[in-house]
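*Asks:* Here it is, the structure, as structure tokens.
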Amino acid sequence: MIKKAPALSLRNLRIGVVGLGYVGLPLAAEFGKHFKTVGFDLKASRIKALAAGKDSTLEMSRQELKEADRLSFTCDVKDLKSCRVYIVTVPTPIDDYKRPDLTPLVKASESLGTVLKKGDVVVYESTVYPGCTEEVCVPILERVSGLKFNRDFFAGYSPERINPGDKQHRLPSIRKVTSGSTPAVATFVDQLYASIITAGTYKASSIKVAEAAKVIENTQRDINIALINELALIFNRLDIDTEEVLLAAGTKWNFLPFRPGLVGGHCIGVDPYYLTHKAQEVGYHPEMILAGRRLNDNMALYVASEILKLMTNRRIHVKGARILVLGLTFKENCPDLRNSKVIDIVTELKKYGADVDVYDPWIDDKEARHEYGVRPLRALGKVKYDAAVLAVAHQEFKDMGIKAVRKLLKPASVIYDIKHVFPRAEVDGRL
């Protein structure tokens, strides 16, 4: 088969971005400054809010959305028909058995297949295992559209590198990996992203290489955090403060500055399972990656057990005790609740009969109730607590100060600081 180059150029290009979450919206907005761009999302409420200049993820300000003056929004897939390049940025979660859930990716590909035309290019940004784009997504596009891959339409992969809540590392300032299904397409995709990424691009040799590069980014972080978490478990038994050890070790130039903690969210706690799934599919059992995952997944239970020990040592009866958990999101200064491990602490403490309240100024109450069945507090100060858990390092909690947190507690009480918000001497326990 002769693989023809796509008859596309950056001139007068129309782009469709499928999925307007933490990844898709900043991408659509950046492209919308330079090209006619259509942002598509299934949620009509999301489209309505964005059209009014409001982003519930807090990634984009009203002014930033206004600056994307060539961007429009829709929840009707037919509005994508005039686009020549489609970029898919839907979530790729895992199911209850820690297996990749490709449902959003499959549905997005099916929808695009209904509007795909000869010469179009579909670029995927969603995190997947190596081979997924060409083995799963492309056949769907072919089946629904009736077009032939690398003859009638083409594909690319450019892994997302958005860091939710990070106002310093924004889309244009993060170098972008690109790839395409033919050399000509790879060049086109690279030029497309280079037009908006000031930090530059890196053109991978194939789609599989780009997919693999993305999935190991967070796998590497997961394993490193697992090591530090295990060190924290050891040092706790040796009655050594982990933070002091890490600060001392960090005086060497090549010591990596990882810290212990809960590993949740839509990336680090999820992406490794995509790689291990593919590894097992080809007959290899990944020992280290899965060991790191087990260790990190169990840290919430360890934290809960440490809180219970501290309360018992203070002669605080756990059953019926009032415990305040400060923070529910998976990371600081961000409203994202996906795969938050804080809820595991809440659930474990409730198993022992504790009455647990959650306060997080960043979250949407309805989303918290829908995702976890939690009814978060709207304000603090009405109840005196037996224990407080600093679970997320939101700036609001840092600004409160330890004295304000102590005022929320009874005289005989416990403060456990997961994220090292306050100095060791001012709390009763921490990782």
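The values are calculated or read from the model by the stated rules, or taken from the named source; none is laboratory data. None of these values were measured; they are calculated from a predicted model. Because the Cβ atoms are built from the backbone with ideal geometry, glycine has one as well, and the counts that use them run over all protein chains shown. Note: areas computed on protein heavy atoms with side chains; ligands, DNA, RNA excluded. Shrake-Rupley method; radii C 1.70, N 1.55, O 1.52, S 1.80 Å.
*Asks:* Through the Karplus equation 6.51 cos²θ - 1.76 cosθ + 1.60, θ set to phi - 60°, convert the phi angles of the range 244-256 into ³J(HN,Hα) values in whole Hz; use x for Gly and Pro.
*Replies:* Residue by residue, the range 244-256 yields 5, 5, 5, 5, 5, 5, x, 6, 7, 4, 10, 7, 7 Hz.
*Asks:* Build a GNM of the chain with springs between Cα atoms under 10 Å: which of Arg293, Arg70, Arg315 gets the top mean-square fluctuation?
*Replies:* Comparing Arg293, Arg70, Arg315 in a Gaussian network model of the chain, the most mobile one is Arg315.
*Asks:* For Ala249 and Cys75, compute 0.36 nm times the residue count separating them, minus their Cα-Cα distance, and round to one decimal in nm.
*Replies:* Full-extension gain reported as 57.5 nm.
*Asks:* Another question, if that's okay. Given R₀ = 35 Å, FRET efficiency for Lys382-Val136 by Cβ-Cβ distance, to 0.05?
*Replies:* The pair Lys382/Val136 has a calculated efficiency of 0.10.
*Asks:* Quote to one decimal, in nm, the extra length available between Val282 and Glu396 on full extension: 0.36 nm per residue of separation minus the C-alpha distance between them.
*Replies:* 36.3 nm
*Asks:* Once amide H atoms are placed 1.01 Å from N in the peptide plane, what residues at a sequence separation of 5 or more from Phe73, or on another chain, have their amide H within under 5 Å of its amide H?
*Replies:* Here the answer is Gly39, since their amide H atoms fall under 5 Å of that of Phe73.
*Asks:* State which entries of Lys319/Lys350; Lys36/Lys78; Lys309/Lys382; Lys98/Lys167; Lys341/Lys419; Lys48/Lys341 exceed 20 angstrom in Cα-Cα distance in the structure shown.
*Replies:* The pairs that break the limit, which is 20 Å between Cα atoms, are Lys309/Lys382; Lys98/Lys167; Lys48/Lys341.
*Asks:* Please name whichever of His34, Thr57, Phe73 sits farthest to the positive end of the charge dipole of the range 24-82, dipole taken about the Cα centre and charges placed at Cβ: Lys and Arg +1, Asp and Glu -1.
*Replies:* The Cα lying farthest towards the positive end belongs to Phe73.
*Asks:* I've got another one for you. Taking amide hydrogens as modeled 1.01 Å from N in the peptide plane, which residues meet the under 5 Å criterion relative to Phe153, leaving out close sequence neighbours?
*Replies:* Those qualifying (amide H under 5 Å, at least 5 residues apart or on another chain) are Gly119, Lys148.
*Asks:* Can you run phi through the Karplus equation (6.51, -1.76, 1.60; θ = phi - 60°) for the range 67-84 and list ³J(HN,Hα) in whole Hz, with x for Gly and Pro?
*Replies:* Values, residue by residue: 5, 7, 6, 10, 9, 10, 10, 7, 10, 10, 4, 4, 6, 8, 4, 7, 6, 10 Hz.
*Asks:* While we're looking at this one, here's another question. Please find the FRET efficiency linking Asn224 to Val106, where r is the Cβ-Cβ separation and R0 is fixed at 35 Å, and quote it to the nearest 0.05.
*Replies:* The value I calculate is 0.65.
*Asks:* How much length is gained if the chain between Arg11 and Lys33 is pulled fully straight, taking 0.36 nm per residue apart and subtracting their Cα-Cα distance, in nm to one decimal?
*Replies:* Here the segment from Arg11 to Lys33 would lengthen by 6.5 nm.
*Asks:* What's the carbon and sulfur percent of the chain's accessible surface, probe 1.4 angstrom, rounded to a whole number?
*Replies:* Its accessible area is 53 percent carbon and sulfur atoms.
*Asks:* Taking the Cα of Val144, stepping 7 Å toward and past its beta carbon, and measuring to each backbone N in the range 104-128: which are under 12 Å?
*Replies:* 104-117
*Asks:* If amide hydrogens are placed 1.01 Å from N in the peptide plane, which non-local residues have theirs closer than 5 Å to the one on Ala388?
*Replies:* Excluding prolines and chain starts, which carry no amide H, the hits are Leu324, Val414, Ile415, Tyr416.
*Asks:* Moving to a separate point now. Quick check for you: with a 1.4 Å probe and neighbouring chains kept, what is the accessible area per residue of the range 1-138, in Å²?
*Replies:* Per-residue value: 46 Å².
*Asks:* Calculate I(q)/I(0) for the range 207-298 by the Debye formula, one identical point scatterer on each C-alpha and no solvent, and give its log10 at q = 0.16, 0.25 Å⁻¹ to two decimals.
*Replies:* -0.71, -1.24
*Asks:* Percent of Cα-Cα pairs more than 23 Å apart in the range 1-130, please.
*Replies:* For the range 1-130, the share of Cα pairs beyond 23 Å comes to 34 percent.
*Asks:* Using only the Cα atoms, what convex hull volume per residue in Å³ does the range 125-257 have?
*Replies:* Residue-normalised Cα hull volume stands at 150 Å³.
*Asks:* Find the accessible area per residue for the range 366-431; the probe is 1.4 Å, ligands and nucleic acids are left out, and the unit is Å².
*Replies:* Here the per-residue accessible area is 53 Å².
*Asks:* If you line up the long axis of helix 299-313 against the longest principal axis of the chain, both from Cα atoms, how many degrees apart are they, to the nearest 10?
*Replies:* 10
*Asks:* With a probe of 1.4 Å, find how much accessible area the range 199-317 has per residue, and write the answer as a whole number in Å².
*Replies:* On a per-residue basis, 52 Å².
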